[in-house]
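The values are calculated or read from the model by the stated rules, or taken from the named source; none is laboratory data. Given the structure is predicted, the values throughout are model-derived calculations rather than measurements. All Cβ positions, glycine included, derive from the backbone under ideal geometry; neighbour counts span all protein chains shown.
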Amino acid sequence: MPNTPLDIDRINGDITYQEFLVGFYFPRMQFHLTVDDNGIVNCLNKDSYLLPNRPCLISPSLTSSWPCFRHWTVQSPSGSDPLPNWQYLSETYGAQEVSVADCNTRDFSDQKRTSMSVAQGIETVVDAKSSQNLPYIKDWHLVLQSRTGLSNEHDKIPYETPKIFRDDWLNNSCSQADDFRFCYVGVSGSFTPLHRDVYASYSWSTNVVGVKIWRLFPPETAPLLRKFPSNRRSEGIYDVRTVDPSIFTGWEEAQRTMVVIRQNPGETIFIPSNWYHQVENITDCISLNHNWCNSVNLPCLYAAMKDEVEEVSAAISDVKDMMMRHASGGGGGGDDDKGWQVDWLREVDKLVKIDAGWGWEHFFQMIEFNITAKTVVAPGYLRPADRFVRERVCGVVEDFVTRDEYALLPEVKLVVDRILTALFAI
Ligand SMILES: O=C(O)CCC(=O)C(=O)O
Ligand SMILES: [Fe+2]
């Protein structure tokens, strides 16, 4: 029998960064907290979110000044919650590119996706309302694509990142290709299957229109959400509403940790690192969300990268054997030995990039870019103290310099060494 779902904190949008980071009572205690293997702080004060990695739901006052609430909505004839202004969205952003998921068609752990223009995507969504179809516009890079071709400022910048989320290293990267700022547009009934966010990043998501149900599971529950709990690569639950407990034997136990949240129009949810979540649109919905990271969850991202490398290495261990045999067969000495190891690390790195989206070089470039003063996007009062940042980055670098990738991949070593130099300046 399912237990009563747990709840999360509902907080006032006036929350300050210090309260969000570490809590009201211990604003200067960031250095004295104990940290577990994933960098999660065992914080004395549970009334905070970023350091203890706890989710929360924030009231509409956090985002009420956003222009999109005015321009993207129309009043409903019945006087209830505003509805999407499909015509405005299509006329303004119609030429941009999106992927549209068909929520009725599973594709491994995701849904079947089709690329199209925003105009076509919106037409698909509007047409679906008189059918059984469940189209869902996902991962629309609205901010990135709105930089050009729009004349009104409120269309170019329809919202601004709330202050408490400004310390964002993922979207402050050197490469234009990296953008994790999305708009989601779906019909009532559309959904996003159970997942953890990319690179173990955080997410924040604001409903501009509509109501969503979020089902959350804390990071410790992750093994129970898999077919074979001890095998990280085994199939995961796709839809928590239709789980077969004879296949997912941990499900009954997992359910006891599930948190079910109703997110109303204007509300913002904060999803911490490694929290699994499934999202269901109860009405037609438009939401804005960012995946983000900073010094606080950096250890989670680093741990996720190491796991990924380990998993890929295990999956292609036969290639390693082959490379080793080939090298020793060639009558090589020490240098040959190093040669095959470099090839092996590059092979793993290549696959990690394909699977996870980035490799070590890119990961450390992101860190370098963000600890270099000129690129910092958040002012001092919207990020942890410099000393905390330095300790966080040092922890990651100190571990990494013991790895083969540091010793054998010069392009990665170069970036890490530059970080070590930059740390002195913090
Ligand atoms: O709104 C959705 O359907 C998915 C959003 C999500 O997974 C996120 O914000 O992390
Ligand atoms: Fe997500």
TODO: Taking the residues in the range 145-194 that are assigned to a helix (DSSP H, G or I) and of a type outside the set (Lys, Arg) as candidates, determine which candidate is surrounded by the fewest Cβ atoms within 10 Å (Cβ to Cβ).
DONE: Glu153
- [ ] Among residues belonging to the range 149-183 that are of a type in the set (S, T, N, Q) and more than 17 Å from the chain's Cα centre (by Cα), point out the one that is farthest from Val118 (Cα to Cα).
- [x] Ser175
Task: Cβ pairs under 6 Å, 6+ apart, first in the range 201-230 and assigned to a strand (DSSP E or B) and within 15 Å of ligand 1 (Cβ to nearest atom), second among the basic types (Lys, Arg) and at pLDDT 95 or above - done: Ile213/Arg262
TODO: Please identify the pairs in which a residue from the range 351-366 that is farther than 13 Å from Cys293 by Cβ has its Cβ atom under 9 Å from the Cβ atom of a residue that is in a loop (DSSP other than H, G, I, E, B) and of a type in the set (Lys, Arg), counting only partners at least 6 apart or on another chain.
DONE: Trp360/Arg403
Open item on the list: Leu44 - would you say it is modelled with pLDDT under 90, touching a Gly at 6+ places or on another chain (Cβ under 9 Å) and on the phi < 0 side of the Ramachandran plot?
Closed with: yes
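Quick one: how many residues across the range 121-144 are away from ligand 2 (no atom under 16 Å from the Cβ) and crowded, with 16+ Cβ neighbours inside 10 Å?
13
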Open item on the list: Report every pair of residues separated by at least 6 positions or lying on different chains whose Cβ atoms are under 7 Å apart, first residue within the range 254-281 and of a type in the set (D, E, K, R), second more than 11 Å from ligand 2 (Cβ to nearest atom) and not in a strand (DSSP E or B).
Closed with: Arg256/Asn3; Arg262/Val211; Glu267/Ser59; Glu267/Pro60
TODO: Just need a number here: residues in the range 180-192 that are more than 9 Å from ligand 1 (Cβ to nearest atom) and either within 24 Å of Ala222 (Cβ to Cβ) or not charged (D, E, K, R) (or both).
DONE: 6
Task: Test set (1) at pLDDT 90 or above; (2) under 30 Å from Ala314 (Cα atoms) - Pro384 fails condition number - done: (2)
- [ ] State all residues of the range 237-266 that are in a loop (DSSP other than H, G, I, E, B), touching a Pro at 6+ places or on another chain (Cβ under 7 Å) and within 16 Å of ligand 2 (Cβ to nearest atom); if no residue qualifies, say none.
- [x] Tyr238, Asp239, Met258
TODO: Kindly check whether there is at least one residue in the range 256-272 that is farther than 22 Å from Leu57 by Cα and surrounded by fewer than 18 Cβ atoms within 10 Å (Cβ to Cβ).
DONE: no
- [ ] Would you mind telling me which numbered condition in (1) more than 15 Å from the chain's Cα centre (by Cα); (2) among the β-branched types (Val, Ile, Thr); (3) surrounded by 15 or more Cβ atoms within 10 Å (Cβ to Cβ) Ile354 fails?
- [x] (3)
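From the list Ser59, Ser146, Ser109, Ser130, pick out the single residue that is at negative phi and over 22 Å from the mean Cα position of the chain (by Cα).
Ser130
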Open item on the list: Which of the numbered conditions does Cys285 fail, given that it passes all the others? Conditions: (1) touching an Asp or Glu at 6+ places or on another chain (Cβ under 6 Å); (2) not hydroxyl-bearing (Ser, Thr, Tyr); (3) not assigned by TED's automatic domain parsing to the domain that holds Glu398.
Closed with: (1)
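Can you tell me how many residues in the range 233-289 are aliphatic (A, V, I, L, M), more than 16 Å from ligand 1 (Cβ to nearest atom) and in contact with a Ser or Thr (Cβ under 7 Å, 6 or more places away or on another chain)?
1
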- [ ] Output the residue which, of all residues in the range 86-106 that are crowded, with 17+ Cβ neighbours inside 10 Å and farther than 22 Å from Gln132 by Cα, is nearest to the chain's Cα centre (by Cα).
- [x] Gln96
Task: Checking Gln278 against (1) part of a strand (DSSP E or B); (2) away from ligand 2 (no atom under 16 Å from the Cβ); (3) of a type in the set (S, T, N, Q), the condition it does not meet - done: (2)
Open item on the list: Please pick out the residue among Ser173, Ser188, Ser230, Ser234 that is more than 15 Å from ligand 2 (Cβ to nearest atom) and either touching a His at 6+ places or on another chain (Cβ under 6 Å) or at pLDDT 95 or above (or both).
Closed with: Ser188
Task: Failed criterion for Asp139 (all others in (1) modelled with pLDDT of 95 or more; (2) not in a loop (DSSP other than H, G, I, E, B) hold) - done: (1)
